[in-house]
């Protein structure tokens, strides 16, 4: 760990970050639970982006969301309403929520509800469609995609909710601790975590009164969706970072996302302000038939999880993911060591067996990033830059240094 | 891999070993499925041991088995009948079965039934009690142990059987491939494999018509028993080794076990003959309050799984197990490299992410063991040498070199 003592504000922010103990307590429609959501509002990956400045890819995701929610009957109507301000947009992370990829949150989106037991604070992420094949989270909105979303709303989400109430929720904190021992890093590998969640949900689902055919479809959905749990791990990072937000003077990163055009961060000391710069194009390993020319700029709120201390930061926990994102053991170890240099502390409970049980670096400090030039390393799904083409591989990216530099300058200005 | 070309017999035996694709197809009482089992016969960990020569610990396990099966009403009656030959004993591995620890197989023991799809060949392991707390597999037979075994026979086993028939069995081969990517080595760490099995069994269990309270108890049993799956992985190793048995001239190890007194092996070229020597006392990491003075000699059929190519051979796949058995990354890598030197080939499907996807060494060759002096390294639960004390830690052991030397000499004599 860095030798430098923490400033009092950073110590407070870190303490709040580390005190969070996430539980998955419910699955509810976004309109019932997400603060500040309205029927004509679509939440997307941060930073906030007006319709006129959105990438074609993100616009596609928003059009799909409008169709899925019934805010428009055709893509043309959706685009017209968006341009006219009849459909509005905001960043999910400004609403205690996370939107993956070019995904969206609208009034009826079924949300995983994550709660901190001690404080009652909540955060949210849509029930995950999955990243294989066609999905709205990848900017696709063919009839088969919308039909699956309807089934998720009408059958899957109520079944998950019924199960959660019967089993009294799931201790996501304990589950994530064990998943790190089972080869997940909890961003792009949640295979073990998803199986653990399925195992915990099973007795509740068995009693949920589902028809026989639906029982099989629900279990098959979870079983064939190794990213089912990412909805929980991402919302857990949102929950902890929200808890750490708003400590004057603290440089702890409390939000991070990319919207296909820009990447942005927020810091605890200046709540509500985004510091953005053009998003980088991730590098990585492409699926057969694709190359670097196909990759679009980074997109998605999931970049936050590395700032919390999981995901790419802990690639050393997930050897099965190394060839997928294009790293080896030495690189995974270096990413961890670099993350220690820019973190304010560590998560005593989140540990990496391969590193002798070393703890996860916790809470990225914008000042340490600027001082060292080291940035959080994020593993990320690569989405094709053209709408409708979907995922093309996996790789690594980082928020631009300019984001951190702007935040430090603003913190300095606020202190002056 | 060793550069030396395989002899024709070894090539045949290895090919048969590698061709096996284990499926979990049923859970049935041993009396219905285990070849050669009779109502007065108790199967124990190999090598075969007459009652008069059994260790106190193994005798305790046999007495518990007799009580559990109703072959005797008191420990004294069980011991008297055993001494008189009214209760008989044999090695489980000579009956296509595996007995863990000081465990036993009797007529009504519920068995996991593992089948090779292509050949129809079957192998068997009791549904696993678990290794924490009190269990017959650790030589304990208090009323609470026998009561749990009754519930396992009367409720759990029929529920598992019902689920398996509804879901059409479980592809254990595919499951083990994925578990190696989730930090299991499939001998003393089966946490991920057990969750995967629970996930696959769940929809079948949901439809099995269990009472509400029993649903919870069944799921809780599996969830709190991270060694639930070892019954499958051990039977899979028995299945493959039986397939490889009986090739004249082959030195492939087809059986390996320890009975608390001796450790023994069999080889493909001399089916049915055991080559035994005094079992070593495993070294390892003791639970608080215990020390090396408490450990008994190795006991259990599970030693076979390392000869098949899983377990300790693949400790590099299971970093979370390293501190439990007392190894570090360098030692785990060395064990793998040494195993390559004594293996006849490799399992193309069983791979270790940490080792760049290197394949599991497959099939221990007695001649290579004798030529190199390298022995299979087995991770093992340490059982207290006194009856009724249970597990005291985890560690490593190896079959004595004398077993391999005897086998090579016998192969040479048979060829002369």
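Here residue A:280 meets each of (1) modelled with pLDDT of 95 or more; (2) surrounded by fewer than 18 Cβ atoms within 10 Å (Cβ to Cβ); (3) within 24 Å of residue A:251 (Cα to Cα) with one exception, condition (1). Scanning segment B:402-416 for residues that are more than 13 Å from residue B:274 (Cα to Cα) and in contact (Cβ under 8 Å) with a residue 60 or more places away in the chain yields B:414, B:415.
Restricting segment B:186-203 to residues that are farther than 18 Å from residue B:239 by Cα and not in a helix (DSSP H, G or I), the residue that is farthest from the other protein chains (Cβ to nearest Cβ) is B:188. Considered as a group, the residues in segment A:68-95 that are within 23 Å of the chain's Cα centre (by Cα) and in a helix (DSSP H, G or I) include one that is surrounded by the most Cβ atoms within 10 Å (Cβ to Cβ), and that residue is A:92. Residue count for segment A:254-274, restricted to those that are on the phi < 0 side of the Ramachandran plot and within 18 Å of the chain's Cα centre (by Cα): 14. Just one of (1) touching a strand residue (DSSP E or B) at 6+ places or on another chain (Cβ under 9 Å); (2) under 23 Å from residue A:190 (Cβ atoms); (3) buried (at least 24 other Cβ atoms within 10 Å of the Cβ) fails for residue A:342. It is (2). Each residue in segment B:161-185 was checked for being surrounded by 21 or more Cβ atoms within 10 Å (Cβ to Cβ), part of a helix (DSSP H, G or I) and within 12 Å of chain A (Cβ to nearest Cβ), and 5 pass.
Scanning segment B:204-217 for residues that are more than 8 Å from chain A (Cβ to nearest Cβ) and either more than 22 Å from residue A:168 (Cβ to Cβ) or surrounded by 24 or more Cβ atoms within 10 Å (Cβ to Cβ) (or both) gives B:204, B:208, B:209.
Being in a loop (DSSP other than H, G, I, E, B), touching a residue at least 24 places away in the same chain (Cβ under 8 Å) and more than 27 Å from residue A:165 (Cβ to Cβ) is a condition met by at least one residue of segment A:5-19. Only residues that are assigned to a loop (DSSP other than H, G, I, E, B) and in contact with a helix residue (DSSP H, G or I) (Cβ under 8 Å, 6 or more places away or on another chain) were counted in segment B:131-160, giving 6.
Contact map, segment B:174-198: residues that are assigned by TED's automatic domain parsing to the domain that holds residue B:320 paired with residues that are modelled with pLDDT of 95 or more, Cβ distance under 7 Å, separation 6+ or inter-chain. No pairs are found. Only residues that are touching a helix residue (DSSP H, G or I) at 6+ places or on another chain (Cβ under 7 Å) and either at positive phi or at the interface with chain B (Cβ under 10 Å from one of its Cβ atoms) (or both) were counted across segment A:218-230, and they come to 5.
Residues in segment B:378-416 that are more than 23 Å from residue B:293 (Cβ to Cβ) and touching a helix residue (DSSP H, G or I) at 6+ places or on another chain (Cβ under 6 Å) were compared, and the one that is surrounded by the most Cβ atoms within 10 Å (Cβ to Cβ) is B:404.
Taking helices (runs of 4 or more DSSP H) as the structural unit, those lying wholly within segment A:308-384 and holding at least 1 residues that are within 14 Å of chain B (Cβ to nearest Cβ) correspond to A:322-325, A:329-342.
Looking at segment A:289-301, can you tell me whether even one residue there is on the phi > 0 side of the Ramachandran plot, in contact (Cβ under 8 Å) with a residue 40 or more places away in the chain and in contact with a strand residue (DSSP E or B) (Cβ under 9 Å, 6 or more places away or on another chain)? Yes, segment A:289-301 contains a residue that is on the phi > 0 side of the Ramachandran plot, in contact (Cβ under 8 Å) with a residue 40 or more places away in the chain and in contact with a strand residue (DSSP E or B) (Cβ under 9 Å, 6 or more places away or on another chain).
The values are calculated or read from the model by the stated rules, or taken from the named source; none is laboratory data. Bear in mind the structure is a predicted one, so any value in this text is a computation, not a measurement. Here the Cβ is made from the backbone with ideal geometry for all residues, glycine too, and neighbour counts use every protein chain on show.
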